[in-house]
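The values are calculated or read from the model by the stated rules, or taken from the named source; none is laboratory data. None of these values were measured; they are calculated from a predicted model. With ideal geometry, Cβ positions are generated from the backbone for all residues, glycine too; neighbour counts draw on all protein chains shown.
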Amino acid sequence: ALKQLSPTAGEIKSMRTDSRHLRKNVGLSILDHIIAEAKSRAYLRLSLETGSGEEFEPALNMYRKRGFVNGDAFGDYLASDFNQFMHLEL
């Protein structure tokens, strides 16, 4: 899902791929669609909050593949040892 944070910024909400479709680029296709939608809305920045740890590495690699970089907390989120924040400048 894509949530509007401001007229120029959006947030990617939780994404999950059904276990039957893992490692088939389904997540990457969904991410590409969300990025395209964010651009069509004229957002300048797309952000997300996610977890940390080994189980999150496949998702983190997917986001990095599309240019997301780690950064500061945004919105109402508070940084903790468990979560991290990624941003993509559009």
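Against the test of being in a loop (DSSP other than H, G, I, E, B), loosely packed, with under 15 Cβ neighbours inside 10 Å and hydrophobic (A, V, I, L, M, F, W, C), the options 36, 42 yield a single qualifying residue, 42.
Within the set of pairs 6 or more residues apart or between chains, which connect a residue that is of a type in the set (Val, Ile, Thr) inside the stretch 62-82 to a residue that is at pLDDT 95 or above and assigned to a helix (DSSP H, G or I) with Cβ atoms less than 6 Å apart? No pair meets every condition. For the condition loosely packed, with under 13 Cβ neighbours inside 10 Å, among the hydrophobic types (A, V, I, L, M, F, W, C) and not in a helix (DSSP H, G or I), residue 79 qualifies.
Figure legend. Inter-residue proximity from the stretch 47-58: first residues part of a strand (DSSP E or B), second residues of a type in the set (Asp, Glu) and surrounded by 12 or more Cβ atoms within 10 Å (Cβ to Cβ), beta-carbon distance below 8 Å, spacing 6+ or different chains. Indicated pairs: 47/11; 48/11; 49/11. Can you confirm whether the stretch 9-27 contains a residue that is in a helix (DSSP H, G or I), touching a residue at least 24 places away in the same chain (Cβ under 8 Å) and surrounded by 12 or more Cβ atoms within 10 Å (Cβ to Cβ)? Yes: the stretch 9-27 contains one or more residues that are in a helix (DSSP H, G or I), touching a residue at least 24 places away in the same chain (Cβ under 8 Å) and surrounded by 12 or more Cβ atoms within 10 Å (Cβ to Cβ). Within the set 61, 70, the sole residue that is assigned to a strand (DSSP E or B) and loosely packed, with under 14 Cβ neighbours inside 10 Å turns out to be 70.
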